[in-house]
Amino acid sequence: MIGVLVKIAWRNIVRNRRRSLMTASAVAAGALAMLLFLGYTTYIFLGMETGNVQHLGHLRVFRAGYFLYGAGNPTAYGIDGYREVMREIGDDPVLKPMIRVLTPAQSLMGIAANYRSDNAASRTFFGEGIIPSDRARMLGWDQYHTGIFHPLDPGMSDADESSGLVGTGLARILNLCAPLKLPDCPPAPAAAPAEEHRGPVNADIAELAGRDAPQAEQAPEGAQIDLLAATVGGAPNVVSLHVASTQPQGAKELDDAYVLMHLGLAQQLVYGREEHKVTAIVLQLRDSRYMSAARARLNALFRERHLGLEVRDFGELVPFYGQVIRLFSSIFLFIALVMGMIVLFAVVNTMTMNVMERINEIGTSRAMGVRRSRIRAQFLIEGTFIGLIGTVVGAALAIGIATLVNRSGITWIPPGNAIPIPLHLDVLGRPLRAASICVGLVLVATAAALLPANRAARLSVVDALRHI
Amino acid sequence: MTQPAATSPVVRLAHVSRTYQSGALEVRALDDLSLEIPPDRFSVVIGASGSGKTTLLNLIGCIDAPSKGVVDVCRQNIAELDDDAVADFRARNIGFIFQTFSLIPVLSAYENVEYPLLLVGMPAAERRRRTTAMLEAVGLAAQAQRQPNELSGGQKQRVAIARALVKQPQLVLADEPTANLDSATGAAIIALMRRVQADSHTTFIFATHDPQLMSHADEIFAIRDGALLEHRRSGA
């Protein structure tokens with residue numbers, strides 16, 4: 001019996017092809033808009049995740065309390081015996097197969113100064129000490145095949161502890177434009193009064209640098225800065241950093257203060273001759289899906305060994321990530337609601353017209369012995385067919401447009417980024433979500449047909465047969 | 001599709017009234033009407049427009065319910081059945097032929113005739129056999145795959161007759177079946193119905209103004225103002 005209902009429903013769609021086409025077009029437009037936006041948000045989400053995982057790793061192990069209070073004094077939250085902790089993590093049979101990169105990192109703050117320039121300048125900096133080869137491997141992580149690859153850190157190597165990078169803004173502030181040959185970076189105008197005022201400070205830093213950082217004298221002239229920080233013991237310490245190149249950062253505040261250096265140099269600055277520690281042990285996993293399992297295992301391990309360490313994931317470290325996801329999710333929800341309403345009204349309108357035109361046919365069918373439920377089913381099937389046709393066409397269009405965009409090589413700079421990346425519409429990047437959109441639209445079309453279908457089913461046979 | 005006992009009436013109406021509400025006005029379409037129609041007859045209900053013919057056929061066809069009284073069709077008190085059961089009852093026992101043919105426009109002639117057999121869940125092979133035989137019986141085997149809009153008025157009514165008879169119902173109801181046909185086609189359709197009625201021993205009940213049709217009737221029920229005015233048997 002269902003076969004004949006499907007046959008009648010399908011043939012009525014074909015019979016009223018223009019009307020059906022218009023309604024299916026509304027469904028297709030809904031599917032197209034929602035799938036393209038899904039593709040865009042998927043790209044944004046996966047792109048942000050990729051960028052964060054490349055730079056921060058999936059998980060970071062800190063000394064307990066660092067996440068809440070460590071930013072004020074990172075050096076006070078060094079992990080004791082970090083090499084032993086790393087060995088335990090790396091050798092753990094549960095964690096070992098999950099880990100792609102396991103590396104230490106040292107965060108630090110201080111003052112960066114360039115007193116070698118005629119126009120001497122200094123600025124507070126936010127620095128990170130890393131192992132260059134580990135960082136290079138981390139930057140190669142691309143689980144989702146986004147094609148987003150941030151440039152490696154030029155001029156940095158495991159063997160050369162004295163070289164590092166600075167943010168473009170910091171390079172400009174410290175008058176490194178000329179020695180680093182930075183484009184679009186005019187030299188700062190001379191500021192005589194400030195010079196006089198800062199003179200003694202610069203002299204102090206120069207004196208300290210000369211005393212504690214003999215390698216500074218061997219570094220190439222002109223791309224050299226001095227970094228001043230307080231050691232764990234509270235004493236001032238200075239090291240010289242050879243600025244190999246600059247790397248623009250997405251946020252100006254960070255760009256004006258960022259210093260990336262070798263872990264050894266960072267430890268030398270922060271710990272001096274005392275035991276070298278790190279502020280974080282970074283875990284980059286092979287697959288983001290391992291994150292919760294790896295985190296649980298790390299926590300269990302630290303509890304077992306009474307290590308006083310805590311684990312944080314990149315989402316906690318970068319709240320912006322969660323904010324962007326919530327923003328795009330709410331925009332997506334809004335678009336879905338609007339599209340759902342359009343589809344709903346289009347299908348209700350069409351199905352109401354179909355019912356009105358076929359009242360006599362409904363009466364005939366009912367007189368022949370067709371139950372009310374089957375009349376209802378027939379119109380619901382029509383609504384479902386229209387939804388299906390529209391959704392399939394919309395999905396095909398979305399995939400086609402996404403393919404064109406993806407092949408066009410368009411690049412853009414997303415918020416928080418400093419380097420252009422290829423624009424990619426990942427329509428099928430989250431297949432479950434894409435399938436939900438398609439199924440949802442078909443369900444909306446079916447639900448929209450319910451009202452007219454119920455009306456058709458409730459018709460009195462006598463009235464329906466009398467209808468002309 | 002069980003054949004009724006030869007003597008018991010296939011339709012029995014006892015003190016049936018049917019009133020409609022038309023705005024503030026109550027319209028009495030049938031007024032305390034009682035009648036019995038024996039099986040295997042070619043019966044005709046006649047009367048002027050508005051006399052209650054169609055209402056009577058609707059009650060007998062179980063597509064309407066009386067305001068008062070009892071309607072027994074094929075020895076079943078229809079008031080005892082719920083909506084789905086009445087639909088199933090119609091599907092099994094009653095065939096309809098409408099003045100405007102009322103074929104399903106998106107189904108071919110063959111599919112229109114096959115449709116009632118699907119409703120009673122008949123197996124495919126038996127459905128094919130009966131549908132083909134029925135189309136041959138009404139002379140439309142060659143037009144089986146045509147859509148209704150590709151058929152003439154007479155051909156459409158033949159399809160409607162085949163559709164009404166294919167399930168071998170106990171009762172076929174026809175409301176003005178020749179009203180939309182020219183006289184020659186009407187005569188051919190009446191002859192066809194008479195022939196298949198004789199072959200199938202199905203009870204036919206018509207509502208009509210057509211004198212041609214009346215001349216073929218075994219029984220004639222004349223009604224006026226919703227009441228039975230006269231009941232004549234042919235040859236009586």
Longer than 30 Å from Cα to Cα, which of B:53/B:167; A:7/B:167; A:7/B:68; A:7/B:156; B:68/B:156 are they? Say none if no pair is. A:7/B:68; B:68/B:156
In nm, to one decimal, how far is the residue B:150 label point from the residue A:159 one, both placed 7 Å along Cα→Cβ? 8.6 nm
Could you work out the relative contact order of chain B, using alpha carbon pairs under 8 angstrom and six or more residues apart, expressed as a whole percent? 29 percent
Scan the stretch B:85-154 for trypsin sites (Lys or Arg not before Pro) in coil per DSSP, keeping those whose Cβ has at most 13 other Cβ atoms within 10 Å, and list them by number. none
Taking one equal scatterer on every alpha-carbon of chain A, how large is log10 of I(q)/I(0) by Debye at q = 0.08, 0.10, 0.13 1/Å? -0.64, -0.82, -1.12
Go through the cysteines of chain A and tell me which have no other cysteine Cβ under 4.7 Å away. A:438
Any aspartates and glutamates whose Cα falls less than 19 Å from that of residue A:252, other than same-chain ones fewer than 8 residues away, would be A:128, A:184
Pull out the extension gain between residue A:182 and residue A:435, defined as 0.36 nm times the separation in residues minus the alpha carbon to alpha carbon distance; nm, one decimal. 86.2 nm
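Among the DSSP beta bridges whose two residues both lie in the protein assembly as shown, what percent are antiparallel, rounded to the nearest 5? Don't jump to the answer; show the numbers that get you there.
On the way: 63 of 89 bridges.
Around 70 percent antiparallel, to the nearest 5.
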Listed with the fewest Cβ neighbours within 10 Å leading, B:167, B:68, A:277 appear as B:68, A:277, B:167
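Using Cα pairs closer than 8 Å and at least 6 residues apart in sequence, work out the relative contact order for chain A, in percent.
It comes to 28 percent, rounded to a whole number.
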Tell me the label-point distance for the pair residue B:214, residue B:179, using the 7 Å Cα-to-Cβ offset, in nm and rounded to one decimal. 1.6 nm
Difference of contour (0.36 nm per residue) and Cα-Cα distance, residue A:341 to residue A:68: 93.8 nm
Can you give the average number of partner chain beta-carbon atoms within 10 Å of each beta-carbon in peptide A:368-376, as a whole number? 6
Given the Cα-Cα distance of residue A:19 and residue A:403 and 0.36 nm per residue of separation, how much length would full extension add, in nm? 135.2 nm
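Can you give the mean number of other chain Cβ atoms that lie within 10 Å of the Cβ atoms in peptide B:96-106?
So the per-residue partner count for this stretch is 5.
Rounded to the nearest 500, what is the protein assembly as shown's calculated 222 nm mean residue ellipticity when only DSSP H runs of at least 4 contribute -39500 (n - 2.57) each, over all residues? Working shown, then result.
Numbers: 24 runs with 338 residues, N = 704.
When only DSSP H runs of four or more count, the value is -15500 deg cm²/dmol.
Each reported figure results from applying straightforward, stated rules to the coordinates on display, with no laboratory input. Quantities reported herein were computed from a predicted structural model and do not represent experimental measurements. Cβ: placed from backbone, ideal geometry, glycine included. Neighbour counts: every protein chain shown.
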